[in-house]
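See below for the structure under consideration.
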Amino acid sequence: MNEKILPRIQSPDDLKKLSIPQLESLAREIRERIIEQVSHSGGHLSSNLGVVELTLAIHYVFQAPSDCILWDVSHQSYTHKLITGRKEEFEKLREADGLSGFTSREESVYDVSSMGHSSVALSQALGLRAARDLMGQNHKIVAVMGDGSLTGGVAFEALNNAGLLKKDLILILNDNEHSISRNVGAMAKNLARLRVSRRYQSLKKMTTAFFRKFPKFGTWALRNIEKLKAMIKAALLPSLLFESFGFSYLGPIDGHDLKALIEVLSQAKNLSTPVVVHVATVKGKGYLPAEKDPVFFHSAPPFEVETGKPKWTPKKTFTDVVSETLADLGAKRKDFVCITAAMADGTGLKEFAHLYPERFFDVGIAEQHAISFAAGLSLGGLKPVVAIYSTFLQRGFDQLIHDICLQNLPAIFLIDRAGVVPGDGLTHQGVFDLSFLRIMPNLSILTPSSGRELKDMIYTAFMHSGPVAIRYPKSALPESDFSLMSYSGIPWGKGVCLREGGDAAILAWGPMVNEAQKVADILKADGLKVSVYNLRFLKPLDEELVLKAYHDSYLLITLEENLIYGGAGSAVLELLSQKGLQAGKVMLKGLRSVPRIGTREQLLRKAGLDSESIALEIKTRLERIRIGSYL
């Protein structure tokens, strides 16, 4: 039996001692290791299987960490982690106190930037390249962009700037035809301009007319000319695109041919101008289930290696409610459209897209465009529904203010993965949205505590005349009573009192309502009576309910799954200040720092947002209040 190679790889320097056949053997070992680990922990499987050879070739040719290698999107960096001294920690991938699923400067000097969002590597690479000049250094800068990250608008801004500055940096385009869903847009169809040009059309007509004069030979010739034409255009047009930005172009190269990759990267390394190395890879390479369904295995749950099937049946989630509700409403209302930024599956729009393809738009990894596009649809008389992750909504901050909210346009934003997000770490936590959405003029903010409430909120949002944001977490539902047989409208801007008590009152938003109920049960056993209010709306805030809770209790607690700075608790304090009331009896419970990696339960517990921690803090505070009243 041949000795395993991966255990001998302590750093990229060890790769340089290997022959091409040995590197190929190492690639097979790495694929096996990634499949085995992700089958246990879940994670980004298909994208990582596609870049094994590419990663080995990059580290074989370049001298990291002195040469800077940026990964975009960095969920494709598992091989990079395995060969940069993190093999032992890899078994704790995406776990608390373990390895991030993305590059992380805290983990390794080989991770130049902590990068969880797409399309930004080229901008950072250009900055690194300019800094290199000013610092009098001479190392190489490499940006690896894949999974559709070049479809983001910021990437084109960087392309334009890089060509202007003419800095010698290397852009490796990992072309696997996918973002998370399959790539869409003009980048995938850039032959259109050539096809409609007059000179091209005239030449095409003349050629066709000539060969039709010779029926037998002509038919064969025309068929083969079409094949040749397709080959020539596929080879030439990417080159023309990048060269128009001032880049040299090398490729396309088979991204699984180590010898070819090493040769072309060595060429690129010696160029003194910006260069694009176009590499074609297969997403999911080497694992048949992932090759057949790269979208499912993009971010896979734990699965059985033999079959590719999940190890357990997933529970119903808030995203499932969105999927079923929009699919059902789509048949009842013809005046709305749905928009995603390359996340049809993740945001629950896949079923709507299947049922109503003419009313579904995937704009690619372009969140800013998605929001401005929604503004245009709204101005045109439609009701756009933008389904987006909280962490990616941040990218459209200006468009949300300028294009939607200042114009008070009717649009619905369904904000998935709000609050703490398990597994993905710092860059994917949805803990900022309540704070930055609160400042948006005319925008209403709704926070469902259950699947049933989410369904009713979506229904209610369709009847509102301005912009609406509905935010919900990545978690299983607390219950499953969200039958689509009927909808109930929710009184606008009104919360509800779920239980009465005079010692303390908890104002809760979203899933924290369920935690508040548990807190009240715990404290009831200690003889304390706690009111629980489901506020449902952050904007407009139910001022009457907040003031009632304030006056009816010794202690008022605000409970939110968001950073407390500028969030729901801040809204309550602002109201009390306006009314001339003292804030000393108010306890703000929310996140005080951005969560890292862990399960949802672990992250909430670490932040002190689990029911036991909250109950203990309330009990302690009430005891202090009582002691103070005796004094």
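The values are calculated or read from the model by the stated rules, or taken from the named source; none is laboratory data. Here the structure is a predicted model, which means the values were calculated and not measured. Here the Cβ is made from the backbone with ideal geometry for all residues, glycine too, and neighbour counts use every protein chain on show.
Answer with yes or no whether Glu304 is in contact with a Lys or Arg (Cβ under 9 Å, 6 or more places away or on another chain), loosely packed, with under 13 Cβ neighbours inside 10 Å, modelled with pLDDT of 75 or more and under 27 Å from Met343 (Cβ atoms).
Against the criterion (in contact with a Lys or Arg (Cβ under 9 Å, 6 or more places away or on another chain), loosely packed, with under 13 Cβ neighbours inside 10 Å, modelled with pLDDT of 75 or more and under 27 Å from Met343 (Cβ atoms)), Glu304 qualifies.
Could you list, in sequence order, the residues of region 345-372 that are of a type in the set (Gly, Ala, Ser), under 21 Å from Phe397 (Cβ atoms) and in contact (Cβ under 8 Å) with a residue 40 or more places away in the chain?
Gly346, Gly364, Ala366 - these are the residues of region 345-372 that are of a type in the set (Gly, Ala, Ser), under 21 Å from Phe397 (Cβ atoms) and in contact (Cβ under 8 Å) with a residue 40 or more places away in the chain.
Does region 279-287 contain at least one residue that is more than 19 Å from Asp175 (Cβ to Cβ), at pLDDT below 95 and outside any helix (DSSP H, G or I)?
No, that holds for no residue.
Output the residues belonging to region 12-67 that are assigned to a helix (DSSP H, G or I) and polar (S, T, N, Q).
Gln22, Ser25, Gln37, Ser39, Ser41, Ser46, Ser47, Asn48, Thr55
List, please: which pairs have Cβ atoms under 6 Å, are six or more places apart or on different chains, and start with a residue in region 500-523 that is farther than 13 Å from Ile614 by Cα and end with one that is surrounded by fewer than 24 Cβ atoms within 10 Å (Cβ to Cβ) and of a type in the set (D, E, K, R)?
Filtered contacts from region 500-523: Gly501/Lys529; Gly502/Lys529; Asp503/Lys529.
Need pairs with beta-carbon distance below 6 Å; first residue under 18 Å from Leu409 (Cα atoms) and within region 321-344, second of a type in the set (A, V, I, L, M, F, W, C) and buried (at least 24 other Cβ atoms within 10 Å of the Cβ); sequence gap 6+ or separate chains.
That search, which allows pairs on different chains as well, returns Phe336/Val385; Cys338/Leu349; Cys338/Phe352; Cys338/Val385; Ile339/Ala370; Ile339/Ala374; Ile339/Val386.
Looking only at region 503-535, count every residue that is outside any strand (DSSP E or B), closer than 17 Å to Leu575 by Cβ and in contact with a Phe, Trp or Tyr (Cβ under 8 Å, 6 or more places away or on another chain) and tell me the total.
1
Take the residues in region 418-448 that are within 23 Å of the chain's Cα centre (by Cα) and among the hydroxyl-bearing types (Ser, Thr, Tyr), then tell me which one is farthest from Leu329 (Cα to Cα).
Among those residues, the one meeting the criterion is Thr427.
Please indicate, with yes or no, whether at least one residue in region 353-369 is surrounded by fewer than 24 Cβ atoms within 10 Å (Cβ to Cβ), in contact with a His (Cβ under 6 Å, 6 or more places away or on another chain) and part of a loop (DSSP other than H, G, I, E, B).
yes
Only residues that are outside any helix (DSSP H, G or I) and either touching a Pro at 6+ places or on another chain (Cβ under 7 Å) or of a type in the set (Ser, Thr, Tyr) (or both): list them for region 392-407, please.
Leu406
What residue, among those in region 565-575 that are surrounded by fewer than 18 Cβ atoms within 10 Å (Cβ to Cβ) and of a type outside the set (Gly, Ala, Ser), is nearest to the chain's Cα centre (by Cα)?
Within region 565-575, the match that is nearest to the chain's Cα centre (by Cα) is Tyr565.
Can you tell me which residue in region 549-561 is nearest to Leu507 (Cα to Cα), limited to those that are outside any strand (DSSP E or B) and touching a residue at least 40 places away in the same chain (Cβ under 8 Å)?
Ala549
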